[in-house]
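Worksheet: the structure to be examined is printed underneath.
The values are calculated or read from the model by the stated rules, or taken from the named source; none is laboratory data. Just so it is clear, the model here is predicted, and its values are computed rather than measured. Note: ideal-geometry Cβ built from the backbone for every residue, glycine included; neighbour counts use all protein chains shown. These area figures cover heavy atoms from the full protein model, side chains too; ligands, DNA and RNA do not enter into them. Shrake-Rupley method; radii C 1.70, N 1.55, O 1.52, S 1.80 Å.
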Amino acid sequence: QTWFEQKMKYSTIFVLLSCFALAIASNVDWQRLDDHPISDQHAFSFRIGLKPQNLDTMEKLFWEISDPKSPLYGKFLSNDEIADLISLPKQDIKQVMNYITKDGGKICDVQAALSLHREYIVVDTCVAQAQLILPNLVV
C-alpha cells in the first residue's frame with residue numbers, strides 16, 4: 001500500500017468510529033427540565049441587546065474607507081470611534097441601566113455591566129429578580 005492509501009484507510013476507520021461513538025452518545029437518556037423546577041434563588045445571567053444607531057452612516061463610511069478614490073481611504077476608525085458612532089446615546093443607556101437595577105436588592109443582588117463596545121448589557125442576578133426586571137420571562 002502506498003502512503004496515500006494507508007492515510008485513506010485510517011481516515012475512513014476514524015470517520016466510522018466517530019460515527020459509531022456519535023450513535024452511542026445519541027442514545028443518552030435525556031430528562032426534561034420541566035420535571036425539575038428551578039429555584040427562585042438560582043443564579044441567572046442574561047444579556048440585553050442595545051439596538052445600534054446610524055448604521056446607514058456606518059455603511060457609508062465603510063465604503064469610503066475601502067474606496068481608493070476616496071479621501072477617507074485607509075483611515076480606519078478605532079473601536080471607540082465605531083462604538084461612539086453606532087451605540088445608543090449615553091443617556092439612553094443610563095436609563096436602561098437604571099431600569100434594570102431599580103428593584104435591585106428586593107429579592108437578590110443585581111449586577112449590570114455594559115459591554116466593551118456598548119452593544120449589550122450583561123445582567124447577573126437570580127431567577128426571581130430577573131422576573132421582576134422582565135415580567136414576561138418564563139424560566
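At-a-glance table
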item	result
All positions within the range 55-100 that are within 30 Å of V122 (Cβ to Cβ) and of a type in the set (S, T, Y)	T57, S78, S87, Y99
Residue within the range 61-80 that is open to solvent by 50 Å² or more (accessible area, probe 1.4 Å), at pLDDT 90 or above and on the phi > 0 side of the Ramachandran plot present	no
Residue in the range 20-42 that is modelled with pLDDT of 65 or more and of a type in the set (D, E) present	yes
Qualifying residue in the range 59-75 (condition: among the acidic types (D, E) and in a loop (DSSP other than H, G, I, E, B))	yes
Any pair with Cβ under 9 angstrom, 6 or more apart, that starts in the range 105-120 at a residue that is at positive phi and ends at one that is part of a loop (DSSP other than H, G, I, E, B) and open to solvent by less than 50 Å² (accessible area, probe 1.4 Å)	R118/L50; R118/S87; R118/L88
Residue match in the range 92-107 (condition: outside any helix (DSSP H, G or I), of a type outside the set (D, E, K, R) and in contact with a Cys (Cβ under 9 Å, 6 or more places away or on another chain))	yes
